[in-house]
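Nothing in this text is a laboratory measurement; each read-out follows from the coordinates by a stated rule. Every value quoted in this text rests on a predicted model; they were computed, and no experiment measured them. Positions of Cβ are generated from backbone atoms using ideal geometry, with glycine treated the same way; all protein chains shown enter the neighbour counts.
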Amino acid sequence: MKQTMKFSWKSLFLAPLFIPLVYSGLFAFSSPGGSPILFFLILFVFGSVISYGTTIFLFLPCLYLVSKLTPLTARLTGVLGTVLGGVVYLLITWQSYLESGDNSGPPEGTFREYLWQHLFDFDVLAFLIAGLVTAMLYWFLTNHLSRKNDQPTA
């Protein structure tokens, strides 16, 4: 019988919070403006929706399916998180492409051209790092908590 993935509600709650917290802080407090706290909160809420949605509806089901095929390792979990970060980037870029036309018209050029223009933006790296960090946080929190619960009490 193959080992399936470990699950922890605490890990599910904490892992997706880190990236929106860091990214929102970096953007809000490095940007000039009247209210950095309000800007931080708006970015944090928007980032959390994306982070939790991706974790719950994309990462955990994929992690479960991969665990049915092969034993999970930290490296495999990190690769899966990075790949899924790229998938989320492509989905958001596709939506951005559809909204890129002049005066709400159809976009100019193909999606491939649009993607090539934006392939070396900071956003690509940000999404890949976000996927990797969230996956690794989930992995380490879940395994740390399960080891902590498996230890006998004295």
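A few remarks follow.
- Sparse-neighbourhood loop sites, trypsin sites (Lys or Arg not before Pro) in the stretch 1-72 - DSSP loop, at most 13 other Cβ within 10 angstrom: LYS2
- Length-normalised contact order of the chain in % [C-alpha pairs under 8 Å, at least 6 apart]: 34 percent
- Where GluC sites (Glu not before Pro) fall in DSSP loop in the stretch 72-144, at most 14 other Cβ within 10 Å: GLU99, GLU108
- Per-residue ellipticity at 222 nm from helix content only, as computed over the chain with -39500 (n - 2.57) for each DSSP H run of at least four residues, stands at -25000 deg cm²/dmol.
- For Kirkwood radius over Cα pairs in Å, computed directly from the structure shown, the correct entry in [x] 17.4; [y] 20.4; [z] 18.0 is [x].
- Kyte-Doolittle mean at least -1.0 and Cα axial length at least 20 Å: DSSP H helices in the chain: 9-30, 36-54, 74-98, 122-150
- Between the exposed loop cleavage positions of the chain, defined as chymotrypsin sites (Phe, Trp or Tyr not before Pro) in a non-H, G, I, E, B DSSP state with at most 14 neighbouring beta-carbon atoms within 10 angstrom, the longest gap is 8-119.
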